[in-house]
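Worksheet: the structure to be examined is printed underneath.
The values are calculated or read from the model by the stated rules, or taken from the named source; none is laboratory data. It should be emphasised that the depicted structure is a prediction, and the values quoted were computed from it without experimental measurement. Reconstructed Cβ throughout: ideal geometry from the backbone, glycine too, with neighbour counts over all protein chains shown.
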Amino acid sequence: MELIFLSDPGHGWLRVPIKLLEDWNIDILITDYSYRTKEFAFLEEDCDASVFIDEAKKRNYKFVTRYTVIKDFDEYLKRNGPAYRFVNNLRTA
């Protein structure tokens, strides 16, 4: 599977299918620094992306990452949303 790492001038997010996080039951571990749409989670690079990567390693799940630079993450979410923050480790959206 190919995953996209989005980076704007200030930060980065790993885009992962939300269904995968839910199937692995790790969506409840994601902080409110990350975002979700109906289809994808955008995992904040400093902590939440590692939750996914660590679980993928445990499961021997293979993926490649495509690095994509964007101008503004908020604008990206508006074009691809609606988007919500992960809140209180609850399954929302």
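Working only within region 62-76, note down all residues that are among the basic types (K, R) and surrounded by 13 or more Cβ atoms within 10 Å (Cβ to Cβ). Scanning region 62-76 gives no hits. Between residues in region 25-40 that are in contact (Cβ under 8 Å) with a residue 12 or more places away in the chain and residues that are in a loop (DSSP other than H, G, I, E, B) and of a type in the set (S, T, N, Q), which pairs lie under 6 Å by C-beta distance while being six or more apart or on different chains? Once the first residue is in contact (Cβ under 8 Å) with a residue 12 or more places away in the chain and sits in region 25-40, its partners that are in a loop (DSSP other than H, G, I, E, B) and of a type in the set (S, T, N, Q) give I28/N89.
Filtered by the rule that a residue be in contact (Cβ under 8 Å) with a residue 12 or more places away in the chain and touching a strand residue (DSSP E or B) at 6+ places or on another chain (Cβ under 9 Å), region 41-52 gives A41, F42, L43, E44, E45, D46, D48, A49, V51, F52.
Of the residues R79, R15, R59, the single one that is modelled with pLDDT of 95 or more and loosely packed, with under 13 Cβ neighbours inside 10 Å is R59.
Within region 18-55, take every residue that is over 9 Å from the mean Cα position of the chain (by Cα) and among the basic types (K, R) and give me the one that is modelled with the highest pLDDT. It comes out as K19. For region 39-92, residues that are of a type in the set (D, E) and touching an Asp or Glu at 6+ places or on another chain (Cβ under 8 Å) total 1. Filtering region 1-31 to residues that are closer than 15 Å to F73 by Cβ and not β-branched (V, I, T) leaves F5, L6, S7, D8, P9, G10, H11, G12, W13, L14, R15.
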